[in-house]
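The values are calculated or read from the model by the stated rules, or taken from the named source; none is laboratory data. Predicted, not measured: the structure shown is a model, and the values here were computed from it. Note that each Cβ is placed from the backbone with ideal geometry, even for glycine, and that neighbours are counted across all protein chains shown. The area values use the complete protein model at the heavy-atom level, side chains included, leaving out ligands, DNA and RNA. Shrake-Rupley method; radii C 1.70, N 1.55, O 1.52, S 1.80 Å.
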Amino acid sequence: MVLRFPSVVLFPSILVVFAAAISPLWPFSIADGGGFHDNQRIIEISCLVLTALFGATLLIRFGREDLRQIFDRRITFFLFWFFLLGLASSVFAYSPRHALFEWAGFLLLLTMSALIASEIRAKGQAWLDKILLFCGLGAAVYIVIEAVVYIVAINAGGQPSNSFLIYGFDNYRFLNHVQTVTLPLLGLLICRSANGKQKIFAWGVASAWWALLFVPAGRGTLLGLAAGVCAAWFCLRGDAKPWCRVMLWSGLAGLGIYVLFYVLIPLSLGLHPFGFLSSVIERTIENPDSSRWSLWVRAWQITLAHPWLGAGPLHFAHFGRDVQLGAHPHNWVLQIACEWGIPALLALVAAIVLGFKKLLAARQYLLPTDVRNHLTLAAWLTTGVAILVDGLVSGLIVMPTSQLWIAVYIGCCWGWVASLTPSQHDSTLRLPMAVRFSGLAGLVMLIYFLGNGMWPEIRNLSLHEEQNLQKERYAHPVPRPRIWRAGYF
């Protein structure tokens, strides 16, 4: 759909980017007993409620929308079945309120992406450049805070823990999930920046962002980005060469920054190197699956027990409690299969395949001399592949901040493709009043599902953590975040 409305009613995508950027930096607990993860979840839910309210406003104020310009009929068909099956799974789940919370969250994230896409199509690619710039500014703020953390660690004189070096996340791996999405966006900021101060800024931020990836040595992120760059090279050939060079040189610059500040300087002070990069090969040999195997086995067992509708969205957090390794399988394929069911997984995979096909088809609308958009296509392909590959060994589709960044990526990519695709239909469709009010009621229900899924745990998250970790049953339990930091239910 092309939303041909005044700019004042367009979705505030910059606000979403701002929320995603600052969510790890919130200086105090938003809810009683909450930690970093809980703050990020509350910020994400606020963005989802904003999405629902904004969508409701459009339904009330406007009745005409060109539905054929953004939504692909085949992709919409498979997404419709994915969410319909997920709704059925939620209704029959052990805890419908938990299942409906995640189902509503996924649906509103998709709605958020659609609204961002509509905004980019309406305002043009200049708005995409603004979104990328805000992404860079958000990363720059985080880098400054990390510089302060580094100075404190050096001045303390002792060997800092790796968790101390990564600020704002209950688990430093959650930063890696964010970087899987944002590193290609920063690379794209380099490619789309004009020569001058902005390009220097983009190179500096992207290089420092790579350096922070090397500190915890996120193997899933590194593997995903490598797979994404290779996919861009394979599919786009010569058009992707400048993009691959940008990712390579910014990565090497980041490696140089890491070696200087996190290896050489600590060694000169009589300390061990900071971070995990120096031991990544040893860790990979000793524990190649990073203890994921038990989670994958349990997810497979749940899938066999509930093949058609799954155990219910979010329900690995219930049926996987005794594994005590995670509230999600750390694999998006197994997660959807065991929680939503195999038919829903097939519908989602079909939608993803068609989405990539539509993305690659946009190449036919690019002039050979349009280097900027060829690099943009390579960046979108790299990011999409990186998310799918990293998601096979991590929980980036579960964590709140990475979920927001994925929604931003999909919206930007979606809007960019829509801005290039010629209009096939000039006529608009006036939505009947009954359809508009049905949609309004549906959005209100989604807000209710979010609130019902949060309540009453949000009243005292520390108590929720005590109860849900079942300390009387498990020795030395550790929080495994899913909705909240406590994880299990």
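For the chain, what is the calculated [θ] at 222 nm in deg cm²/dmol (nearest 500), taking -39500 (n - 2.57) for each run of four or more DSSP H residues and dividing by its residue count?
Theoretical 222 nm ellipticity from helices: -22000 deg cm²/dmol.
If we count every other residue with Cβ under 14 angstrom of residue 313's Cβ, Lys/Arg +1 and Asp/Glu -1, where does the sum land?
Surrounding charge for residue 313 is 0.
Run the Debye formula on the Cα coordinates of region 231-378, all scatterers equal and no solvent, and tell me log10 I(q)/I(0) at q = 0.08, 0.12, 0.15, 0.21 1/Å.
For region 231-378 at q = 0.08, 0.12, 0.15, 0.21 Å⁻¹, log10 I(q)/I(0) is -0.45, -0.87, -0.98, -1.07.
Given a 1.4 Å probe and heavy atoms of the protein chains only, how would you sort 108, 25, largest accessible area at the top?
Largest accessible area first, the residues go 25, 108.
Quantify, in whole percent, the carbon and sulfur part of the accessible surface of the chain (1.4 Å probe; protein heavy atoms only).
Carbon and sulfur atoms account for 68 percent of the accessible area of the chain.
Give me the net charge of residue 205's neighbourhood, meaning all other residues with Cβ under 13 Å from the Cβ of residue 205; Lys, Arg count +1, Asp, Glu -1.
Residues close to residue 205 contribute a combined charge of +1.
Cβ under 13 Å from residue 126's Cβ, residue 126 left aside: what net charge do those residues give with Lys, Arg +1 and Asp, Glu -1?
In short, +3.
Output wanted: per-residue J couplings in Hz (rounded whole) for region 403-409, from phi through Karplus 6.51 cos²θ - 1.76 cosθ + 1.60, θ = phi - 60°, x for Gly and Pro.
4, 4, 5, 5, 4, 5, 4
Could you compute how much accessible surface residue 191 exposes when probed at 1.4 Å, giving the result in Å² to the nearest 10?
The accessible area of residue 191 comes to roughly 20 Å².
Would you compute the Debye intensity of the chain from its alpha-carbon atoms alone, equal scatterers and no solvent, and pass along log10 I(q)/I(0) at q = 0.10 Å⁻¹ to two decimals?
The Debye formula, applied to the Cα set alone, gives -0.76.
With the other protein chains left in place, how much accessible area per residue, in square angstrom, belongs to region 19-164 at a 1.4 angstrom probe?
With all protein chains present, region 19-164 gives 42 Å² per residue.
Residues of region 336-387: accessible area per residue at 1.4 Å, in Å²?
In whole numbers, region 336-387 has 37 Å² accessible per residue.
Projecting each Cα onto the charge dipole of the chain (Lys/Arg +1, Asp/Glu -1 at the beta carbon, about the Cα centre), which of 348, 145, 369 comes out farthest on the positive side?
369
Taking 0.36 nm per residue of separation and subtracting the Cα-Cα distance, what length does fully extending residue 370 through residue 259 add?
In short, 36.3 nm is gained.
Between residue 26 and residue 462, what is the FRET efficiency for a Förster distance of 25 Å, r being their Cβ-Cβ separation, to the nearest 0.05?
According to the calculation, E is roughly 0.90.
Classify region 116-221 as rounded, prolate or oblate, taking a ≥ b ≥ c as the square roots of the eigenvalues of its Cα gyration tensor: rounded when a/c is under 1.5, otherwise prolate if a/b is larger than b/c and oblate if not.
Prolate, because a/c is 1.5 or more and a/b exceeds b/c.
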